[in-house]
1. Given a Förster distance of 35 angstrom, what is the FRET efficiency for Arg66 paired with Arg407, based on the Cβ-Cβ distance and rounded to 0.05?
2. Applying a 10 Å radius around every beta-carbon, put 150-163, 76-89 in order of their mean neighbour count, most first.
3. Using 1/(1 + (r/R0)^6) with R0 = 30 angstrom and r between the beta carbons of Arg163 and Leu37, what's the FRET efficiency to the nearest 0.05?
4. Per residue of the stretch 172-181, what does 6.51 cos²θ - 1.76 cosθ + 1.60 with θ = phi - 60° give for ³J(HN,Hα)? Whole Hz please, x for Gly and Pro, Karplus curve as stated.
5. Would you mind putting 186-193, 201-208 in packing order, based on average other-beta-carbon counts within 10 Å, highest first?
6. If packing is taken as the average count of other Cβ atoms within 10 Å, what order do 28-37, 127-136, 361-370 fall into, highest mean first?
7. Between Pro8, Gly104, Ser22, whose Cα lies farthest towards the positive end of the dipole of the stretch 1-110 when Lys and Arg beta carbons carry +1 and Asp and Glu beta carbons carry -1, centred on the Cα centre?
8. Could you name the lysines in cross-link range of Lys34, using Cα to Cα under 30 Å and dropping any fewer than eight places away on the same chain?
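The numbers here are math on the coordinates, done by the rules we state, and not lab data. Note that the structure is predicted; figures quoted are calculated from it, not measured. Cβ: placed from backbone, ideal geometry, glycine included. Neighbour counts: every protein chain shown.
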Amino acid sequence: MTTRPEGPDFAIDDLGPCEVASPLRGTSFIDVSKRVLFRGDVHELREQFDAGIDPAGFEYAGPRERIFFDPESVRCGIVTCGGLCPGLNDVIRSIVFCLHGKYGIDRVSGFRFGYAGLVERDAVTPIELTPRRVSQIHEVGGTVLGSSRGPQPAGDIVDTLERLGIQLLFTVGGDGTLRGAHAIVEEVRRRSLDIAVVAVPKTIDNDISYIDTSFGFDTAVEAARQATRAAYVEASCHRNGIGLVKLMGRDSGFIASFAALADSQVGVCLIPEVDFTVDGLVHAAAERIERDGYVVIVVAEGAGQELLAGPTSLDASGNRRHADIGSYLRDAIPESFRARGTTVSLKYIDPSYMIRSLPANARDANLCLRLGHAAVHAGMAGKTDVVVGSWRRRLTHVPIAQAISSRKKVDIDGYLWQTVLSVTGQPADLCSTVVTG
């Protein structure tokens, strides 16, 4: 006999029993009794079954045969928050098209400039989103709804939802947005209202827990590859050339790691999860220059913060502000080489804002469409306090509380980082001038 599941609690909250027949036709409905396994290693599953433990798993995302909301009466809202990311417009478009085309819902309000647009004192008149209005928005970057950072009073937001009759709110954003969505749900519960909140995770850094890939990440890596290629050209065309590229990655080095693997010319990759010193970095770079005549260095924006003096402060979303590691290394690396008696030619590239503002590539556009549809199906089934994501290439429901419980980081003992070390040839320890990797 099995016991309760071991590991995280992935139980999803809902507003109540689903008593309305879905209007969808020609659709394969999800078997609500099935789960996507959290752990997939055979030996782990065998150990759990032998111990009488029911393995943890996620709900499948997708259309339900019976739903909670009556499509003829429900009114929906969409809000985008936080920094820009490729695919935001694709998600908005997907949600609107699914609501209208699949459920016949034509009352969809787009709230302007993040959660501030849901607060009376800051509110801008919502946009009525129709299929015609959003039909071409996926061709450009950014978000037609605008965005902003920073928390807003959950009580004021719920006041607005009640006043406008919004029963289903879709929030698109990162961990700060998810925390805000969770606060809205708690206020809704306190008032005993039938308002569902469904989140679509937006993080170009790919750092939300229990979600294997977030939209915008693939586009970011593709664009980062263009930057590393430019750095290679600049570095290889100069004596003792160094191409230094700063990429996004506030606390997690996924973009930098994948960019390094996408371009085998990268000689050193620096991520927030691995400490380094300037001496250790320069020693590794010097070895690469001695071998090839040049080196390309990729650094995530959150790497090496311990090297930079300055007070710690928070941005509007509650994230720790990082000092500019890129400009620091731009100056520190040549100086360190000069101290060794070597002159280098360093070219510095920071494509961050160019990448954030791009439209989604084909792979991300596909993911955005699927996530938008999954969010609609979850909301119409009365799911709330939930974020839609993907796990083992299956779309899933994740409790927001779990998604924000920790930040996903690169496992330095895992396959990804070990492959980076193998491809770049850099030492595992960049804190020392002695090669130990």
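1. The computed FRET efficiency comes out at 0.45.
2. On the way: 150-163: 17.8, 76-89: 27.3.
Ranking, from highest mean packing down: 76-89, 150-163.
3. Working: r = 43 Å, r/R0 = 1.43.
About 0.10, to the nearest 0.05.
4. 10, x, x, 5, x, 5, 5, 4, x, 4
5. Values: 186-193: 13.8, 201-208: 27.5.
Ranking, from highest mean packing down: 201-208, 186-193.
6. On the way: 28-37: 13.0, 127-136: 15.3, 361-370: 19.0.
Descending packing order for the listed peptides: 361-370, 127-136, 28-37.
7. About the Cα centre, the residue reaching furthest to the positive side is Gly104.
8. Lys102, Lys202, Lys383, Lys408, Lys409
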